[in-house]
Amino acid sequence: MVESINNFILFGLIVLAVYFDLSTKKIPNAITFPVILWGLVVYTVFGGFVGFKFTLIGFLVGLAIFLLPFILGGMGAGDVKLMAAIGALMGWKFALKTAVASALVGGVIVIIYSLYKKTLWTTIKSAVGLILRPLVFILAKSFNSERLEKAHKYFSEQSVQYEKHYIPYGVAIGLGAIIVFIV
């Protein structure tokens, strides 16, 4: 019975998160916090300490998954809280699988959006630069190489020129959760 209610709540959470993310570019606390609280209370009442541990670990894993991207400015706090709510409701394994599926769906969304905006090449260069810039910097300093210094400067300029676009990652999280639920 509780599992059926939790499934219903999960889908309600996803629908609301996607709606708000697309319409307001924010996922409000008013939809994530009640789900987190529901998970903590229901699992504790019906499962005792084991249930409390299940939901708390799910919450913490869900929160931790997107905390670093949030700190680095790659996603909003609503996305992080959405994943924490999913973890509190469905457990840590579901949250991890959702994160992987969300990353794949998010990648597809970015590619489609970049094609639409005709910025795919710039997006690819920026992503490669973001990955290579620290490595090239360390190598340039280690080997005192002028060529590597130029490469570091090039990648730094690419990231400065890159215009940041809003990507509704709540949509990717929602679709990722649906994929995990179905599979």
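The values are calculated or read from the model by the stated rules, or taken from the named source; none is laboratory data. This is a predicted model, so every value here is computed, not measured. Protein only, heavy atoms only, side chains kept; ligands, DNA and RNA dropped before computing areas. Shrake-Rupley method; radii C 1.70, N 1.55, O 1.52, S 1.80 Å.
Things to note:
- Taking the C-alpha atoms only, the angle from helix 2-24 to the longest principal axis of the chain is near 40 degrees.
- Largest to smallest accessible area among Thr44, Thr123 [probe 1.4 Å]: Thr44, Thr123
- Counting only alpha carbon atoms, the long axis of helix 77-90 and the longest principal axis of the chain meet at about 40°.
- Heavy-atom accessible area order for Trp38, Trp121, largest first, 1.4 Å probe: Trp121, Trp38
- Candidate lysines - alpha carbon under 27 Å from Lys125, same-chain residues fewer than 8 apart omitted: Lys25, Lys117, Lys141, Lys150, Lys153, Lys164
- The stretch 1-50: C-alpha gyration tensor shape, a/c 1.5 cut-off, then a/b vs b/c: oblate
- Axis of helix 29-65 versus longest Cα principal axis of the chain: the two differ by about 40°, to the nearest ten degrees.
- Build a GNM of the chain with springs between Cα atoms under 10 Å apart, and of Pro28, Pro134, Pro69 the one that fluctuates most is Pro134.
- In the assembled protein chains, Met90 presents an accessible area of approximately 40 Å² (probe radius 1.4 Å).
- Where N is the number of residues in the stretch 1-156, Cα Rg divided by 2.2 N^0.38 Å: 1.34
- From phi via Karplus (6.51, -1.76, 1.60), per-residue ³J(HN,Hα) for the stretch 135-151 in Hz, x at Gly/Pro: 5, 5, 4, 4, 5, 4, 6, 5, 9, 6, 9, 5, 5, 5, 4, 5, 5
- Once the 1.4 Å probe is applied to the protein heavy atoms, the stretch 44-152 comes out at 60 Å² accessible per residue.
- Seen from every direction in turn and averaged, the convex hull around the alpha carbons of the stretch 108-154 projects onto 3.4 nm².
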